[in-house]
Amino acid sequence: MFRKTYADIQIDNLEYNITQIRNHLSPGTFFCPMVKANAYGHGDVAVAKALEIMGVQSMGVCLIEEGLLLRQFGVNAEILVFRGFDLNGARRILEQKLTPVVSDWSHFEALDQIVGRGSSLPEFCQIHIKFNTGMNRLGFGLEEAQEVLEYVKERKKFQVRGILTHLYKGEDGIHSEGRTAEQLRRFSELRAVFGSLNPIFHALNSGGVISQIQLKKYGHVNAPLTTFPWGVRPGLMIYGYNPLDNTGNELF
C-alpha cells in the first residue's frame with residue numbers, strides 16, 4: 001500500500017501571512033522569518049525562495065547544514081545560523097556567506113581563528129550576539145555584556161550587526177508584569193552597553209509579535225513590547241499557526 005496522505009503547501013497563503021505581519025510593523029523593523037527544520041515541514045527551499053521574491057532580506061535557520069542547503073539551491077538572502085558551531089563550522093559559515101549568531105566564547109574563538117586566514121575567507125565578519133534574559137538555553141549572561149563589547153571593539157574583524165535574545169513565553173506579552181515584559185526590561189539594559197555600535201535589537205517570536213500587535217491596537221504604548229521597535233523573528237505564525245490559541249485572530 002502507498003500512503004494516501006500528502007501536504008498541500010500554498011505559497012499564496014504564505015505571502016498573505018507575511019504581508020499581514022509586515023502591515024503591523026513599523027517601517028524599517030528588522031524582519032527575519034524562520035525557515036529552520038525544513039521550514040517547519042513546509043519545504044525550506046521553496047519557502048525561502050518565495051520569501052526572497054517577497055523582498056525578505058534576512059531569514060533564520062538553526063543548523064549550519066540548513067543554511068548550506070539553501071545556498072546550494074540559490075538562496076541569496078542573509079541567512080542567520082542560530083545554533084552553535086566549532087572551528088570547522090565557522091569555516092563553512094564564512095565560506096558560504098552565512099551570518100553566525102554568537103552565543104558563547106567558544107564561537108568567538110572559532111571565528112577569531114578563521115576570519116581573514118585564507119583566500120576564500122573574508123577579512124571581517126558580520127555577527128549577531130545572543131544574550132540570555134531568562135530562557136536559560138543559549139546566550140551570554142547580561143553581566144558579560146561589557147566584556148563582550150570590549151572584546152569586539154578590540155578585534156576590528158567583527159562587525160556587530162545585531163543583539164538578540166529569545167522570549168520563552170511571548171504569549172504573555174500583553175501583561176505588563178508577565179515574563180515577556182521582564183525579559184524585555186532586562187534586554188533593554190543592553191541598549192546602553194551596545195548603543196555606540198548601532199546594532200539591530202531583535203527579540204520577538206510569533207507570540208511576541210501577536211502580543212505587540214494587540215497592545216498597539218488597544219493603545220498600550222508604554223509596555224516593554226511597544227516602547228522600542230524590536231526586531232522580529234516570526235516562525236510558526238508565517239505558516240498559519242497561532243501560538244496564542246486563537247487569541248488575536250481578529251487582528252489579521
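The values are calculated or read from the model by the stated rules, or taken from the named source; none is laboratory data. Because the structure is predicted, anything quoted here is derived from the model rather than measured. Using ideal geometry, Cβ is built from the backbone for each residue, glycine included, and neighbour counts are taken over all protein chains shown.
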Please identify the pairs in which a residue from region 56-72 that is buried (at least 19 other Cβ atoms within 10 Å of the Cβ) has its Cβ atom under 6 Å from the Cβ atom of a residue that is of a type in the set (Asp, Glu), counting only partners at least 6 apart or on another chain. Ser58/Glu78
Only one residue in Asp8, Asp12 is part of a helix (DSSP H, G or I) and either closer than 17 Å to Ile210 by Cβ or not hydroxyl-bearing (Ser, Thr, Tyr) (or both), so which one is that? Asp12
All-but-one check, Phe2 against (1) surrounded by 14 or more Cβ atoms within 10 Å (Cβ to Cβ); (2) aromatic (Phe, Trp, Tyr); (3) modelled with pLDDT under 95, failing number (1)
Qualifying positions in region 159-175 - surrounded by 20 or more Cβ atoms within 10 Å (Cβ to Cβ) and either over 17 Å from the mean Cα position of the chain (by Cα) or closer than 18 Å to Val221 by Cα (or both): Gly170, Glu171, Gly173, Ile174
Single condition Lys156 does not satisfy, out of (1) closer than 24 Å to Ile79 by Cα; (2) surrounded by fewer than 16 Cβ atoms within 10 Å (Cβ to Cβ); (3) touching a helix residue (DSSP H, G or I) at 6+ places or on another chain (Cβ under 9 Å); (4) not β-branched (Val, Ile, Thr): (3)
Assuming Gly178 fulfils every condition listed in (1) touching a residue at least 24 places away in the same chain (Cβ under 8 Å); (2) buried (at least 16 other Cβ atoms within 10 Å of the Cβ); (3) out of contact with any strand residue (DSSP E or B) (no Cβ under 6 Å at 6 or more places or on another chain); (4) closer than 30 Å to Gln20 by Cβ apart from one, which condition is it? (1)
(1) surrounded by 15 or more Cβ atoms within 10 Å (Cβ to Cβ); (2) at pLDDT 95 or above; (3) more than 23 Å from His166 (Cα to Cα) all hold for Asn88 apart from (1)
Any idea which of (1) surrounded by fewer than 15 Cβ atoms within 10 Å (Cβ to Cβ); (2) part of a loop (DSSP other than H, G, I, E, B) is the one Thr29 doesn't satisfy? (1)
